[in-house]
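This report concerns only the one structure given below.
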Amino acid sequence: MSKTTYRLHYNENPLGPSPVVMDRIRDHLAGLSLYPHRDDEALRDCLAAFYGRGVTPAHLFSTYSGSEALDLIARVYLEPGDEVIVCGPTFHVYARTAEWQGAKIVDVPLDNQDFSVRVDAVMRAVTPRTRLVYVGNPNNPTGSIVTRDDMDLLHMGLPDQVTLISDEVYHHFVTRPDYPDSLASVAAGRNLIVLHSFSKVYGLAGLRVGVAISRPDIIDRLARYRRTFHLGTLEMEAAIAAVGDPDHVARSVAMAERGKKRCYAAFDRLRITYWPSEGNFILFRTPMFADDLAARMADRGILVGSGSRFGLTHAIRVSIGLPEANQAFISALEHILADES
Ligand SMILES: Cc1ncc(COP(=O)(O)O)c(C=O)c1O
């Protein structure tokens with residue numbers, strides 16, 4: 001019998017896509033010989049109705065994943081020699097896509113205790129060449145958020161030539177009341193691009209759909225890079241169906257919340273430091289090199305994300321899985337730590 005592998009390394013939705021989405025995809029399989037829609041109007045209309053509150057189709061641009069949106073933003077905004085500010089440890093694609101354009105990466109590390117954004121330090125790092133400031137909200141891998149107050153300070157303090165990128169692909173999982181209302185900020189015309197993705201709570205990482213939400217003039221700049229056939233039929237249909245099934249989102253969020261509580265309790269019992277997370281994953285401190293612990297977990301069929309790729313040699317990011325996977329992770333951690341002592 002082959003050994004079960006638990007994928008707790010990519011922050012995927014272990015429930016998979018909604019059954020409604022699966023039905024919609026099946027309905028469209030027979031039409032795969034036909035070209036898809038030329039543009040993303042149907043999805044933008046659907047999302048504008050879904051978001052409401054002043055967000056119109058003109059505020060939206062769909063992309064082939066959140067990662068592609070980041071690439072597009074870098075291509076539109078950056079020239080060689082421009083600067084961008086990232087707050088590490090954070091999602092590596094911000095720096096990578098900016099580097100592809102020849103931009104200089106200025107890292108203003110998050111607070112080393114609670115991983116909050118050091119707003120004053122960000123302001124001090126701004127120069128006349130700064131074009132973009134990226135924040136992960138919630139941030140990967142720390143699970144921390146940029147609070148409403150800090151977001152307001154950033155908006156007020158950044159000069160006009162600097163656009164704030166708020167990457168909110170995990171926003172569904174946030175429970176903190178001081179989380180900013182970025183869609184209201186977009187509708188109010190702030191110099192801000194918000195990113196959403198269908199890879200996380202909607203369980204569609206394999207299809208690749210993301211959305212940039214911003215002021216219509218900014219969306220127009222991004223839309224100059226529109227492909228002739230914007231998204232594939234299955235991507236478009238799946239995304240439209242996904243927002244139509246809020247129950248699946250609620251189930252997924254509730255499962256992640258229960259899983260996080262269970263892991264927190266285990267970490268407390270094992271005296272392991274962790275950072276309470278607003279995402280569907282948790283970062284915890286490891287008593288040995290993270291790469292070694294991740295390798296020993298992998299030997300037991302449990303894939304977790306070593307912090308070393310974020311510069312964290314003694315921390316691991318574990319995604320929340322199904323209850324059985326969470327239990328397997330906790331048991332493996334207990335065994336490995338017991339072997340060590
Ligand atoms: C913070 C963050 N932003 C964006 C993405 C990109 O998601 P995708 O390209 O699958 O839409 C990820 C994926 O892990 C992420 O963690």
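The values are calculated or read from the model by the stated rules, or taken from the named source; none is laboratory data. This one's a predicted model, so the numbers in the text were calculated from it and none came from an experiment. Using ideal geometry, Cβ is built from the backbone for each residue, glycine included, and neighbour counts are taken over all protein chains shown.
Structural remarks
To keep it simple, each residue is scored yes or no on (1) under 19 Å from R221 (Cα atoms); (2) among the hydrophobic types (A, V, I, L, M, F, W, C); (3) within 12 Å of the ligand (Cβ to nearest atom); (4) not assigned by TED's automatic domain parsing to the domain that holds L47.
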{"residue": "T63", "(1), (2), (3), (4)": "yes, no, yes, no"}
{"residue": "F115", "(1), (2), (3), (4)": "no, yes, no, no"}
{"residue": "G136", "(1), (2), (3), (4)": "no, no, yes, no"}
{"residue": "T147", "(1), (2), (3), (4)": "no, no, no, no"}
{"residue": "L154", "(1), (2), (3), (4)": "no, yes, no, no"}
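- The strands (runs of 3 or more DSSP E) located wholly in segment 161-248 include none with 3 or more residues which are within 13 Å of the ligand (Cβ to nearest atom) and charged (D, E, K, R).
- Candidates D217, D150, filtered to the one that is charged (D, E, K, R), in contact with a Ser or Thr (Cβ under 8 Å, 6 or more places away or on another chain) and modelled with pLDDT of 95 or more: D150
- Matching option when the condition is modelled with pLDDT under 95 and assigned to a loop (DSSP other than H, G, I, E, B), among N112, N139: N112
- Where a residue in segment 163-178 is closer than 16 Å to E68 by Cα and its partner, wherever it lies, is within 16 Å of the ligand (Cβ to nearest atom) and assigned to a loop (DSSP other than H, G, I, E, B), with Cβ under 6 Å and at least six apart: S166/N137; E168/N137; V169/K200
- Residue count for segment 133-157, restricted to those that are of a type outside the set (D, E, K, R) and either exposed (fewer than 15 other Cβ atoms within 10 Å of the Cβ) or farther than 25 Å from G311 by Cβ (or both): 4
- Residue match in segment 50-67 (condition: surrounded by fewer than 18 Cβ atoms within 10 Å (Cβ to Cβ), outside any loop (DSSP other than H, G, I, E, B) and of a type in the set (A, V, I, L, M)): yes
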